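The values are calculated or read from the model by the stated rules, or taken from the named source; none is laboratory data. Predicted, not measured: the structure shown is a model, and the values here were computed from it. Neighbour counts are summed over all protein chains in view; Cβ atoms, including those assigned to glycine, are modelled from backbone coordinates with ideal geometry.
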Amino acid sequence: MPPGLASLPVELLVEVLRSLELKERQRLALVAQIWRQAANNPCLLRRLSLSLGTAAAGGDSPGLQRSRSCGEWLLRAAPHVQQLRLAVHMGSQPSWEEEELRGLVQGALMACSGGQLSELDLHLYGNSPFVVGSWITVLSGSLRLHITAKEFHGNSWIPIQADMRQMSLLSELKLTSFEAGWFIEPHARLPAGLTKLVLETNLAWEEGALAPQIGTLGALKELSLHSFAHPADGYAPLRHLRSLTRLHFYHCINLPSNLRLLCSLEELVLEDVNDCHGAFLTEADGALVSSAIGHLTRLTSLCMDSAPGMLIPPAALTSLQRLRRLGWRDLCGDGFAQLPPGAWLEQLHMLAAWAYTAAYNLPTLAAATALTELRLDHVAADEDEAAAVICWAGSLPHLRRLCLHHRPEQSMPASVAAAAEAAQAANASLVVDGEPTFGWAHVEAW
């Protein structure tokens, strides 16, 4: 080590270590006392990412030895950990190794939960026998929990076995699986204090129905469902969610037949409904949504993104006096369905749409003078329409953000770029974003 380096203040060494991964920091901690002091500084322990377990089989494997060392170190760091990403690898270990690894995980989670832990991202690999079992209930603090199950080959369902009612401070739960669906066993329970629940891939109590335990979540405000294949009448628990204000459907085959009963909703997102499964919404599905919207009078945000065959927006939009954000990227034939005119447009603050759809509706959109944000998709494929809409947008007095989306392999057309520059020249407060995410129909990053 250079002679003068040891004389540097610990605070400067901490800044040097901040750019290194945890493994590299701990190696440096073996060099000298001052590096050990810097590597174990509490500010470097607030966000951690590490792995336990091994895919190797038989004996006291090196992977298990490293897991023991990591587990002991994590116990010492636990009081300072605020965000933890923990990967647990379960392969073909002997049962005694699995038992020890389970104990390491449970001990680490209990220690962190008793400190400042507010966010846990847990990745489970392999055919683990303790997926969402009683071990998870050691998490007693207030936190956001994301469990991702990977490489569960040969298993079509991953069981949720725990009674999590005692986890009263758990506010947000996200369950993700890439190879299998989640299965809530009848005796399992979800935390009653949940305000946000995200379920990726099918989660069912019995085939074709949403788990009834979801209907017991009286505090739930936000629910996101990904890749569900339940029939329209398989969403009965939704009607019990009296506090639900945000409901998102992504890549789902059917929509709930009781949608019109969810009168507390303030935000409704339907993205790529049916499209990824090669199926299309029927006229009955379109009628279901059109009818439901007329009853969801509290809606402030509505996003219809790539729902094939659905003629959206319906005339019922005129009854949504609180609507402030509208996302409408339809795939209904020629794409020229007409926005209904009315006073509701005067209250609209954000609009996301295909460029050609917005251009077709420019006469109607003339009433949307309160827009502060406009998001256009397919501006490269429909450059003439996009340029026309941008020219109109430049005259909007309150517009502050203009998002122009085009595919990565496409360049921004000169006519569109020129129109955007002219709009900025006319509105000094306008910010132009070249490639946004369409609408707002994506769950926030965990």
Which of (1) at pLDDT 80 or above; (2) within 18 Å of L145 (Cβ to Cβ); (3) of a type in the set (S, T, N, Q) is the odd one out, the single condition S227 does not satisfy? (2)
Could you say whether any residue in the stretch 273-293 is assigned to a loop (DSSP other than H, G, I, E, B), under 23 Å from the mean Cα position of the chain (by Cα) and at pLDDT 80 or above? no
Output the number of the condition that D233 fails; it satisfies all remaining conditions of (1) within 27 Å of L194 (Cβ to Cβ); (2) modelled with pLDDT under 85. (2)
Filter the stretch 334-347 down to the residues that are in a loop (DSSP other than H, G, I, E, B) and surrounded by fewer than 20 Cβ atoms within 10 Å (Cβ to Cβ) and list them by number. D334, G335, F336, A337, Q338, P340, P341, G342
Test set (1) out of contact with any Ser or Thr (no Cβ under 9 Å at 6 or more places or on another chain); (2) part of a loop (DSSP other than H, G, I, E, B) - S224 fails condition number: (2)
In the stretch 359-373, anything aliphatic (A, V, I, L, M), more than 20 Å from A414 (Cβ to Cβ) and not in a loop (DSSP other than H, G, I, E, B) is listed as L362, L365
On the given criteria, is H251 at positive phi and either in contact with a His (Cβ under 8 Å, 6 or more places away or on another chain) or modelled with pLDDT under 80 (or both)? yes
Could you run through the stretch 87-114 and say how many residues are in contact with a Pro (Cβ under 9 Å, 6 or more places away or on another chain) and modelled with pLDDT of 85 or more? 2
Odd one out for L199, checked against (1) of a type in the set (A, V, I, L, M); (2) modelled with pLDDT of 90 or more; (3) farther than 20 Å from D233 by Cα: (3)
Condition (residue is farther than 30 Å from L175 by Cβ, at pLDDT below 80 and out of contact with any Phe, Trp or Tyr (no Cβ under 8 Å at 6 or more places or on another chain)) applied to the stretch 390-401: is it met by at least one residue? no
Single residue of R401, R407 found to be surrounded by fewer than 18 Cβ atoms within 10 Å (Cβ to Cβ) and touching an Asp or Glu at 6+ places or on another chain (Cβ under 6 Å): R401
Please specify each residue of the stretch 303-328 satisfying the condition of being modelled with pLDDT of 65 or more and out of contact with any Gly (no Cβ under 7 Å at 6 or more places or on another chain). P314, A315, L317, L320, Q321, R322, L323, R324, R325, L326, W328
Restrict the check to the stretch 388-395 and report whether at least one residue is free of Cβ contacts under 8 Å to residues at least 40 places away in the same chain, under 22 Å from V269 (Cβ atoms) and either in a loop (DSSP other than H, G, I, E, B) or in contact with a helix residue (DSSP H, G or I) (Cβ under 8 Å, 6 or more places away or on another chain) (or both). no
Within the stretch 173-193, how many residues turn out to be without any contact (Cβ under 8 Å) to a residue 60 or more places away in the chain and in a strand (DSSP E or B)? 9
